[in-house]
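Here is the structure we will look at, set down as structure tokens.
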Amino acid sequence: MKKTGESFEKLLEIMARLRGPNGCPWDKEQTYQTITPYLLEEAHETVEAIDKNDFESLKEELGDLLMQIAFYCQMASEEKKFNAEDVIEKICEKLVRRHPHVFGEEKVTGSKEVLENWEKIKQVENKGKRESILDGIPKTIPAIIRAFRLGEKSSRVGFDWGDVKGIWDKVLEETKELEEAFDSDIVRRTSNIEHEYGDLLFTLANLGRFLNVDPETALRQASERFTKRFQHIEKKCRTQNKTLQSLSPKEWNEGWETAKKETL
């Protein structure tokens, strides 16, 4: 059986050959920017395999994701910016440095303290590089994940609701403000409504932290449930030679309730 290091070396050798003089024309044309969409796509496919609890697919998707990393390392190596060994060494150093309770003498009482210490260590690491502890959260990630992470980051330095009741009250407050904005906006100009709607979504995203629920996962699963139930109604319509447009509100409601019972 090959050792992990040997397998990884083989992957790097394959990438080097693909980008080499006698390699693949397509691979040789790629840049950091042109393969970024594939990196995102592979990450999403990995998440989908996890959601489906499909470990055979997960094995394959993690390999595809690893290939993207090897691709970036190869391009950087060609330009003498860094190589795969530098990347691995960097993350190894970071993991050891940010876990002094494992690799050092520091003591912690639980995961909450681990995260607080992690944030303190990051602030020291990024001194002079970032003006805010929030700067490290990419603006390109899905908005609901960013909202969750912003709340998570700020909570680690003490800016947070005191308990779950506090954020429940905030949800009700934001809901009321959205309702008032809607009622007062006679011509339905969206600026104020959009503002209040955004505040409500932001608060709901952070409610997840107090409920130990990841908002992105919860919303993704809710969307999947909606898809299955809607498709269940579509299938019933086809078997009855009906169109969706012909359904009455009562038929929609009855179909939806049936779909909820007959789909997982």
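Laboratory data are not the source of any read-out in this text; all were calculated from the coordinates shown. These numbers come from a predicted model, not from an experiment. Every residue, glycine as well, gets a Cβ built from its backbone with ideal geometry; the counts of neighbours run over all protein chains shown.
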Criterion violated by Lys139 - all others in (1) in contact with an Asp or Glu (Cβ under 7 Å, 6 or more places away or on another chain); (2) without any contact (Cβ under 8 Å) to a residue 12 or more places away in the chain satisfied: (1)
Which numbered condition Asn53 fails, given (1) within 23 Å of the chain's Cα centre (by Cα); (2) exposed (fewer than 11 other Cβ atoms within 10 Å of the Cβ); (3) within 30 Å of Arg17 (Cα to Cα): (3)
Hey, any hits in the range 98-113 for a residue that's closer than 30 Å to Ile35 by Cβ and either of a type outside the set (Val, Ile, Thr) or in contact (Cβ under 8 Å) with a residue 24 or more places away in the chain (or both)? yes
Please go through the range 243-264 and pick out each residue that is in a helix (DSSP H, G or I) and surrounded by 12 or more Cβ atoms within 10 Å (Cβ to Cβ). Leu244, Glu251, Trp252, Glu254, Gly255, Trp256, Thr258, Ala259, Lys260
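Of the residues that make up the range 153-167, is at least one within 30 Å of Thr36 (Cα to Cα), surrounded by 11 or more Cβ atoms within 10 Å (Cβ to Cβ) and of a type outside the set (A, V, I, L, M)?
yes
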Criterion: closer than 17 Å to Val87 by Cβ, within 19 Å of the chain's Cα centre (by Cα) and part of a helix (DSSP H, G or I) - qualifying residue of Leu65, Leu12, Leu58: Leu65
Sole miss for Leu11 among (1) under 29 Å from Ser154 (Cβ atoms); (2) touching a helix residue (DSSP H, G or I) at 6+ places or on another chain (Cβ under 8 Å) is condition (1)
Residue list for the range 15-34, restricted to those being within 15 Å of Ile69 (Cβ to Cβ) and either touching a Cys at 6+ places or on another chain (Cβ under 7 Å) or surrounded by fewer than 15 Cβ atoms within 10 Å (Cβ to Cβ) (or both): Leu18, Tyr32
